[in-house]
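Below: the structure, in C-alpha cells.
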Amino acid sequence: MKVMVINAGSSSLKYQVMDMDNEMVLAKGVCERIGESGVITHKLPDGQKFINELDMPTHKEAFDAVVDALTNGDGKIIDSLSEISAVGHRVVLGGSKYTESTLITQEVIDTVESLCDLAPLHNSANILGIKACQATFGCDVPQVAVFDTSFHQTMPEEAYMYAIPYEFYEKYGIRKYGYHGTSHRYVSDVCAQVMNKDKKDIKIITCHLGNGCSISAIKNGKCIDTSMGLTPLDGVVMGTRCGSIDPSIVTYLMQKENLDAAQIDSIMNKKSGLLGVSGLSNDSRDVNDAAVNGNERCKLAVKMQHYHIVKLIGAYAAAMNGVDAIVFAGGIGENNPYLRQDIMSRLTYLGVEADQQANSVPHCSDNIKISSENSKVSVFVIPTDEELAIARDTLKIVSSL
Ligand code: ADP
C-alpha cells in the first residue's frame, strides 16, 4: 500500500510517498514560496533531483505540482494518483481533544480550525494542505491527521497548567500542549527497542534538537513533561526562538520600545535564540564555526543553548526520580558530536559516562549508543523520522476502516 505524507507550512508543502509494504521512501520533495512564484524540488531515493519553478498562488497549485511530479516526467513514480491509498497529514496543534492520530472528517477540520487562534501560522497552513488534498483526491482516499501535540496529552495537570488565573485556562485553553510529539514518540519507541526493554518499564529523556528544540520526560511510555508550552516558543534556546525567558521581559520591552503584540511576538520567535544572541546566524553550524574561531557572542550563544539542555535534563531526571536513557535527535542532535559530548560530560552526577569514540561520528544516519558500558544511563543518537511515524499511523488507521 502506498501512503503519502504531507507537511504543509504557511509558504511550503513537504511531501513524501512511501511504500508501506517495505516502508521504503519512493519519492519526496518540497514546494517552497507558495503565494508567489513557487518552486518544487522533487527527489528520488537514488539521489536524482528535479527542480521546477512555476506559479503557486495557493497550496492547491502546489499540490497539483506535487501530483504532476509524481505522475509525469523523469521523476515519475506512479502512473496515476489512484495508486495512493491514503494520506497522512502533520497537524501541529490538536489541543487536548486529540490524544492520538485520527481519521480526518469535517468535524476534525472544524476543530483544527477552531484552534487556529492558538497556532495561527501552523494550523491554518495544515488546513490548507488538507483542503488542497481533498480537492484533488475527492472523498474516496482516506486522510489522517497526526498531531504534534497528541503524545504530550498524558502530562499530569501539575505539569501542563500555568499558575495564572484559572479562568484563562477555562476561557481560552491556556495550558502547556507541547510539540514535536511525533518525534519524541518515535525516538522513545526506538530507544526502548534498541535497549530491548518494554517502554512501560523505563524512563527516557528525549532531546529533539533542530532549528526548533524540545526535550521530553517519558516515564513508562507516557510523556509526563515537555519543554515547549502553549506554543513552540518555550523551553530550550533555539535557532531563532528565545525559549524560556522571564515573562516580564515581554511587557517591559513593549513599553520601552513601543512595540505592539505582533512585533514582540516576531522578536521572540524570529529574531532571538542563537540568531539573537550571536547576531550572526540561526544555523548552529555557522554559530559553532564562528565560536571556534573566537567570536565571543557565538561562544555565548552556544554556551547558553548547552546550559539550557543540561538544566532541562536535570529537571526531567528529577521529575521522573531517575532516568534510564537519554536520546539525542534532530538536525543538531544527530550531527553535532561536540554538543553531545559537552552535555554528557556535565551529567556525570547521574552516572552518565560517554563513549567518546562512538560519539565522535559526525553524522548519524543510524541508531548509535554513545555512552560507555559502565554508564548508569544509556545515551543514544536516534535519527528521528516523523514522516515514517505519520505513515505508520495512517496505515494503522485506514487498515482498521
Ligand atoms: P527543523 O527544526 O527545521 O526541522 P533540523 O532538524 O533540520 O531543523 O535541524 C536544523 C539544525 O541542525 C541547524 O541548526 C543545523 O545547523 C543543524 N544541522 C543540520 N545538519 C547538520 C550537520 N550536518 N552538521 C551540524 N549541524 C547540522
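Brief remarks on what is shown
- Whole-Hz couplings from phi, Karplus 6.51/-1.76/1.60, listed for the range 97-102; x for Gly and Pro: 6, 9, 8, 8, 5, 8
- Each pair of Cα atoms in the range 1-103 enters the Kirkwood radius, and Stokes-Einstein at 25 °C and 0.890 mPa s then converts it into a translational diffusion coefficient of 172 µm²/s.
- Fluctuation leader among Gly95, Gly73, Gly29 - the chain, Gaussian network, Cα springs under 10 angstrom: Gly73
- The accessible area of Arg33, taken with all protein chains in place and a 1.4 Å probe, comes to roughly 100 Å².
- Share of carbon and sulfur in the accessible heavy-atom surface of the chain [1.4 Å probe, %]: 49 percent
- Pairs beyond 25 Å (Cα-Cα), from Lys271/Lys311; Lys2/Lys131; Lys203/Lys311; Lys171/Lys199; Lys203/Lys271; Lys14/Lys60: Lys171/Lys199; Lys203/Lys271
- Relative contact order [Cα under 8 Å, 6+ residues apart], the range 276-321, whole percent: 30 percent
- Accessible solvent surface per residue of the range 1-146, calculated while the other protein chains remain in place, 1.4 angstrom probe, Å²: 45 Å²
- Diffusion coefficient (Stokes-Einstein, Kirkwood radius over C-alpha pairs, 4 °C, 1.567 mPa s) for the chain: 59 µm²/s, rounded to a whole number.
- Accessible area per residue, Å², the range 304-401 with all protein chains present, probe 1.4 Å: 45 Å²
- Cβ-placed point charges (K, R +1; D, E -1), dipole of the chain about Cα centre in debye, nearest 20: 1040 debye
- Of Leu121, Leu93, Leu233, the one that fluctuates the most in a GNM where the chain has Cα springs shorter than 10 Å: Leu121
- Charge dipole of the range 221-335 about the Cα centre (unit charges at C-beta), most positive-ward option of Thr231, Leu280, Val292: Val292
- Selected from Ala159, Ala358, Ala261 as most flexible by GNM, with the chain as the system and alpha-carbon contacts under 10 Å: Ala261
- Solvent exposure ordering (accessible area, 1.4 Å, most first) of Val108, Val25: Val25, Val108
- Taking the Cα centre of the range 85-204 as origin and assigning +1 to Lys and Arg Cβ atoms and -1 to Asp and Glu Cβ atoms, the resulting dipole is close to 380 debye.
- Three-way shape call for the range 138-288 based on the alpha-carbon gyration tensor, with the a/c threshold at 1.5: prolate
The values are calculated or read from the model by the stated rules, or taken from the named source; none is laboratory data. Just so it is clear, the model here is predicted, and its values are computed rather than measured. Cβ coordinates were reconstructed from backbone atoms using ideal geometry, including for glycine residues, and neighbour counts include every protein chain displayed. Only protein heavy atoms, including side chains, enter the accessible area calculation; ligands, DNA and RNA are left aside. Shrake-Rupley method; radii C 1.70, N 1.55, O 1.52, S 1.80 Å.
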